[in-house]
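What follows is a set of notes on a single structure, which appears directly below.
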Amino acid sequence: GQQTEILENGPKISQREGETFIDHFRKVIQEASIVTISGSLPKGLDKNFYIKLLSVAEDLSKRVILDTNGQVMRKMFLHEERPFMITPNEREFADLIGKNVCDENGLIDALRSDDFAGIPWVIVTQGAEGAIVKHEKNIYRVTIPKVKVINPVGSGDSVVAGFAAGLMKQLPVKKLIAYGMTMGVLNAMEEKTGHINPD
């Protein structure tokens, strides 16, 4: 019943490989409605690499869900390009704003700041406590049911996938929030990572 997670460093990516990826990215997203960009930047890539991907997506009028660490995301605030949605956890959100938020009111005040004005959706996930969600000027407190957690690894990624799928289904706001958060809960209930039981 114990779990061990071993995380290896990824390969170093050359500048040429990065440029080749951007060219490929520009071609394949033309058929997409929503783009998800997730994870830490591999070694070797420019710190603004995700900004470049956002620029390509914006040029093609594609909505982007960005899920990465606070330091990489903070670089985004120095540029005009903004993703459609970001999904930081509480620690990543603290890195993003440059300070720890001690309570819910402080978190909400931070979400209402001008820094987030250009981002339609901000989902701050809080593990078993649910999430605080900003959509445009509205703030939602999301609570989730108590479940037997088997393997929480990949729950954040599952939330991203849930929101992307819900956007594709054109769900109304509250149903979209419930749908996205449900995928994270369902993932935590399964032994396999990034797996849900549709039943």
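The values are calculated or read from the model by the stated rules, or taken from the named source; none is laboratory data. Owing to the predicted nature of the structure, the values given are computational and were not obtained by experimental measurement. Cβ sites come from the backbone with ideal geometry, for glycine too, and all protein chains shown count toward neighbours. To get the accessible areas, we keep the full protein, side chains included, count just its heavy atoms, and leave off ligands, DNA and RNA. Shrake-Rupley method; radii C 1.70, N 1.55, O 1.52, S 1.80 Å.
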For the stretch 94-110, in order, what is each residue's ³J(HN,Hα) by Karplus, 6.51 cos²θ - 1.76 cosθ + 1.60 with θ = phi - 60°, in whole Hz (x at glycine and Pro)? 4, 4, 5, 8, x, 7, 7, 9, 7, 9, 4, 4, x, 5, 5, 4, 5
Note to self: C-alpha centroids of the stretch 4-74 and the stretch 76-115 sit apart, in Å, by 20
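Measure off, as a whole percent, the carbon and sulfur share of the 1.4 Å-probe accessible area of the chain, all protein chains present.
On the way: 5800 of 12120 Å².
Here carbon and sulfur together make up 48 percent of the probe-accessible area.
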With the charge dipole of the chain built from beta-carbon charges (+1 for Lys and Arg, -1 for Asp and Glu) about the Cα centre, the Cα from 116, 69, 93 projecting farthest to the positive end belongs to 116
Just to check I understand the Karplus step: with θ = phi - 60° and J = 6.51 cos²θ - 1.76 cosθ + 1.60, what whole-Hz values come out for the stretch 25-34, glycine and proline as x? 4, 4, 6, 6, 6, 4, 9, 9, 9, 10
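By the scheme Lys and Arg +1, Asp and Glu -1, what is the net charge of all other residues having a beta-carbon under 11 Å from that of residue 46? Walk me through the numbers on the way to the answer.
Numbers: positive: 47, 52, 75; negative: 19.
Residues near residue 46 contribute +2 overall.
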Just grab the label-to-label distance for residue 135 and residue 191, each label 7 Å out from Cα along the Cβ direction, in nm (one decimal). 3.7
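Which net charge results for the neighbourhood of residue 141, defined as the other residues with beta-carbon distances under 13 angstrom from its beta-carbon, given Lys and Arg at +1 and Asp and Glu at -1?
Numbers: positive: 134, 174; negative: 103, 104, 129.
That sum, taken over residues with Cβ under 13 Å, equals -1.
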Identify the GluC sites (Glu not before Pro) of the stretch 1-100 meeting these criteria: DSSP loop state and at most 16 other C-beta atoms within 10 Å of the C-beta. 5, 8, 80
